[in-house]
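Undergrad: Dropping a structure here in structure tokens format, bear with me for questions.
The values are calculated or read from the model by the stated rules, or taken from the named source; none is laboratory data. The model shown is predicted, which means the values in this text are computed figures rather than measured ones. Cβ atoms come from the backbone with ideal geometry, glycine included; neighbour counts cover every protein chain shown. All accessible areas refer to the heavy atoms of the entire protein, side chains included, with ligands and DNA or RNA removed. Shrake-Rupley method; radii C 1.70, N 1.55, O 1.52, S 1.80 Å.
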Amino acid sequence: MGARWRYLANEVAIGLRRNLLMTLATVVTVTVSLALLGAGMLVQLQVDKAQRVLYGEVEISIFLLDSISADQRTSLEQDLSDTGLVQEIIYVSKEQAYRDVQEIFAGDETILESVTPEILPASFRVKLDDPQQFEVVASQFQAYPGVEEVVDQREVLDKFFRIMNALRNGAVAVALLQLFAAAALISNTIRITAFARREQTGIMKLVGATNWYIRLPFILEGITAGIVGALAAGGLLWLGEATLVSRLKGEVNFIPFITTADVWRVIPVLVLLGAGLAAVAAFLSLRRFLDV
Amino acid sequence: MIRLDSVTKTYRNQVTALRDISVEITKGEFVFLVGASGSGKSTFIKLLLKDEDPDRGEVYVAGKRLNGMKSWRVPTLRRDLGCVFQDFKLLENKTVTENVGFALEVIGKPRQTIVRTVPEVLELVGLRHKAKAYPGELSGGEQQRVSIARAFVNRPRILLCDEPTGNLDPTTSVGIMKLLDRINRTGTTLVMATHDQHIVDSMRRRVIELDEGALIRDQTRGVYGYGG
């Protein structure tokens, strides 16, 4: 068995060295494609995380006209809770709204100077049992006396998530194209190696080496390139997380971000994909080339 | 050991290499396969190796029926066969020892077996002293001896030789024939395609002659050609 493994390791090393440039091109392509795919997966994880937290907190805001009377306000609140769809109702007075603005835009003097309690409307912040029921509540209270506007805060978030999803889809689409290119490159590199070693494989066939024994070095060569590419892609993702996301974390603290642990979860998937893709590409390109 | 029943082989370019050949070769025989270039000698050998398949007829080698043999069983067949070619087919970047050992290595023989067997077979072919040389440093005759050592190292039951002396001068050829004769005497069935008249005439073994794919003569203790 020792002889066999030494033989394999040797053949793989020779093959990779012989086409250094092609091998490099292959590894780079695998790296780029898997990094993109991994980025797509991380964006998905990010969206999931943010959605879970943000959707849990969003509310409907019912902005009130300044002219609303105390009676109208009380009956509005009563009717809201009578719908049976509402989990929680909080009244936000003009003064409270002003304090909220001051808190959210703390440090941003230009905004703070232009805002006064008078221009901010009072509102009810309503948390629904089921956020999907927004339309029902909106249509019922839009025309209610003293109501200025019913706003579903999810819409704001949806815009954000649509952008994130588009980013993810773009990354995955480019990644798939790149993966195809990577597979073609792997297949081509292996054909070149197989051609360069046709004398040797010819002799192996003659003396009765099995098909698998002849093919294995070529397939392992492809898999090695695939795994190296996947690990490099993992490195890029880790770097991206450590620099980009960490900086965002410092500045945006109302949503949870992906962590290094998430990157570690993605890397094994990339390695498996890289190795699998390479193995399949290698196997297919050899089937015709190295048959007995 | 080898049997062909009404074997016909036509290549894709419509050239018929073998026409309705029936031959039986028993264990331990030494058979010359003679005929002009293109008479079908190489095709005959390729059929035995299952490098080609016949269009009609049956081929049996070493107790195995080759027609319809699954491709994964072909390596087992080839381990029973040794092959020697006109162009030696040695790997230039490997030493004599490595070239011979390679044949055992790639069929998964353990290291100890390789270390033990290779010097033995190099001794047999008279190249013990060139064990560490590279093919480029050897004469044609020596290279062919390495090639024979590689073909024989796994002790095949049949040795197939396609023009083994085709690239060698007459004196060197005699040495190679002596070696093949010795191998044959160990009980190895030997089939040798050649058009070296001198060798065939001096050895006086069974001769099978092919002409444009047809078997025109099968003679024990024969010579290269009638009246020639």
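Undergrad: Just report the Cα centroid separation between the range A:20-67 and the range B:155-216, whole Å.
TA: A separation of 73 Å, based on Cα centres.
Undergrad: Right, next: So how strong a dipole does the range A:1-110 carry about its Cα centre when Lys and Arg Cβ are +1 and Asp and Glu Cβ are -1, to the nearest 20 debye?
TA: The dipole of the range A:1-110 has a size of about 1780 debye.
Undergrad: Under the rule of at least 5 residues apart or a separate chain, name every residue whose amide H is placed under 5 Å from the amide H of A:Glu149.
TA: Hits under the 5 Å cutoff: A:Phe63.
Undergrad: Rg and Dmax in Å for the range A:137-262, alpha carbons only: what are they?
TA: 27.1, 95
Undergrad: Sticking with this structure for a sec: Among B:Lys46/B:Lys89; B:Lys50/B:Lys130; B:Lys64/B:Lys89; A:Lys49/A:Lys159, which pairs are too far apart, with a Cα-Cα distance over 25 Å? Walk me through the numbers on the way to the answer.
TA: Details: B:Lys46/B:Lys89 16 Å; B:Lys50/B:Lys130 33 Å; B:Lys64/B:Lys89 27 Å; A:Lys49/A:Lys159 16 Å.
The pairs that break the limit, which is 25 Å between Cα atoms, are B:Lys50/B:Lys130; B:Lys64/B:Lys89.
Undergrad: I would also like to ask the following. Would you calculate, for chain B, the mean residue ellipticity at 222 nm contributed by helices, counting each DSSP H stretch of 4 or more residues as -39,500 (n - 2.57) and dividing by all residues, to the nearest 500?
TA: Calculated mean residue ellipticity at 222 nm is -9500 deg cm²/dmol.
Undergrad: Here is a follow-up. Output the 0 to 90 degree angle, nearest 10, between the alpha-carbon long axis of helix B:170-185 and the longest principal axis computed from the alpha carbons of chain B.
TA: 90
Undergrad: State to the nearest 20 debye the size of the charge dipole of the protein assembly as shown about its Cα centre, where the only charges are +1 on K and R beta carbons and -1 on D and E beta carbons. Mind dumping the intermediate values first?
TA: Values: 60 positive and 59 negative charges, 1092 e Å.
Dipole of the protein assembly as shown, to the nearest 20 debye: 5240 debye.
Undergrad: Oh, and also: Using a 1.4 angstrom probe on heavy atoms only, work out the carbon and sulfur share of the accessible area of the range A:42-182 in %.
TA: Numbers: 4540 of 8260 Å².
Answer for the range A:42-182: carbon and sulfur cover 55 percent of the accessible area.
Undergrad: Could you calculate the FRET efficiency of A:Tyr91 with A:Phe161 from 1/(1 + (r/R0)^6), where r is the beta carbon distance between them and R0 is 25 Å, rounded to 0.05?
TA: Details: r = 29 Å, r/R0 = 1.17.
Plugging the Cβ-Cβ distance into 1/(1 + (r/R0)^6) gives 0.30.
Undergrad: Taking the Cα centre of the range A:59-152 as origin, work out the dipole magnitude from +1 charges on Lys and Arg Cβ and -1 charges on Asp and Glu Cβ, in debye rounded to 20.
TA: Magnitude of the dipole: close to 160 debye.
Undergrad: What is the Rg over Rh value, at two decimals, for chain B, using alpha-carbon atoms and the Kirkwood definition of Rh?
TA: On the Cα set of chain B, Rg over Rh gives 0.96.
Undergrad: Name the residue farthest towards the positive end of the dipole of the range A:201-280 from the options A:Leu231, A:Ala279, A:Ile267, assuming +1 on Cβ of Lys and Arg, -1 on Cβ of Asp and Glu, about the Cα centre.
TA: A:Ala279
Undergrad: As a check on your grasp of the helix formula, calculate [θ] at 222 nm for chain A: sum -39500 (n - 2.57) over DSSP H runs of n ≥ 4, divide by the residue count, round to the nearest 500.
TA: -25000 deg cm²/dmol
Undergrad: What Kirkwood Rh does the protein assembly as shown have if only Cα atoms enter the pairwise 1/r average? Answer in Å. Display every interim value, and only then the final one.
TA: Details: mean 1/r = 0.0335 Å⁻¹.
Roughly 29.8 Å, rounded to one decimal.
Undergrad: Say each of A:Asp82 and B:Lys178 gets a label point 7 Å from the Cα, pointing the same way as Cα to Cβ; how far apart are those two points in nm?
TA: Result: 12.2 nm between the two label points.
Undergrad: Give or take rounding to whole Å, what are the principal axis extents of the alpha carbon atoms in the range A:1-157, in descending order?
TA: 92, 41, 24
Undergrad: What do you get for Rg/Rh of the range B:73-129 when both radii come from the Cα atoms and Rh is the Kirkwood radius?
TA: My calculation puts Rg/Rh at 0.96.
Undergrad: Give me the distance between the Cα centres of the range A:221-292 and the range B:62-138, rounded to whole Å.
TA: 43
Undergrad: Once phi is turned into ³J(HN,Hα) by the Karplus curve 6.51 cos²θ - 1.76 cosθ + 1.60 with θ = phi - 60°, what whole-Hz value does each residue of the range A:151-168 show in order, with x for glycine and proline?
TA: Running phi through 6.51 cos²θ - 1.76 cosθ + 1.60 with θ = phi - 60° gives 10, 8, 5, 5, 4, 4, 5, 4, 4, 4, 5, 5, 5, 4, 5, 5, 4, 4 Hz.
Undergrad: Can you divide the C-alpha Rg of the range B:50-153 by 2.2 N^0.38 Å and report the result to two decimal places?
TA: After normalising by residue count via 2.2 N^0.38 Å, the value is 1.22.
Undergrad: Output the 0 to 90 degree angle, nearest 10, between the alpha-carbon long axis of helix B:140-152 and the longest principal axis computed from the alpha carbons of chain B.
TA: Between helix and principal axis, roughly 80 degrees.
Undergrad: How about the range A:35-125: which chymotrypsin sites (Phe, Trp or Tyr not before Pro) there are in a DSSP loop, with at most 16 other Cβ atoms within 10 Å of their Cβ?
TA: Answer in residue order: A:Phe105.
Undergrad: Kindly compute the accessible surface that chains A and B hide from a 1.4 Å probe when together, both sides summed, and give it to the nearest 100 Å².
TA: Numbers: alone 16380 and 11180 Å², together 25890 Å².
Using a 1.4 Å probe, the pair buries roughly 1700 Å².
Undergrad: So what is the orientation-averaged projected area of the range A:59-152, using the convex hull of its C-alpha atoms, in nm²?
TA: 6.1
Undergrad: Another one. Along the three principal axes, how long is chain A when you take its alpha carbons, biggest first, rounded to the nearest angstrom?
TA: 100, 40, 30
Undergrad: While we're on this one: Give me the percent of Cα-Cα pairs in the range A:133-203 that sit more than 14 Å apart, rounded to a whole number.
TA: 77
Undergrad: Using the heavy atoms of the protein chains and a 1.4 angstrom probe, tell me the accessible area per residue for the protein assembly as shown in square angstrom.
TA: 50
Undergrad: Now for a separate question. Compute the FRET efficiency between A:Val151 and B:Gln112 as 1/(1 + (r/R0)^6), taking r as their Cβ-Cβ distance and R0 = 51 Å, and round to the nearest 0.05. Present the calculation step by step, with values, prior to reporting the outcome.
TA: On the way: r = 83 Å, r/R0 = 1.62.
In this case the efficiency is close to 0.05.
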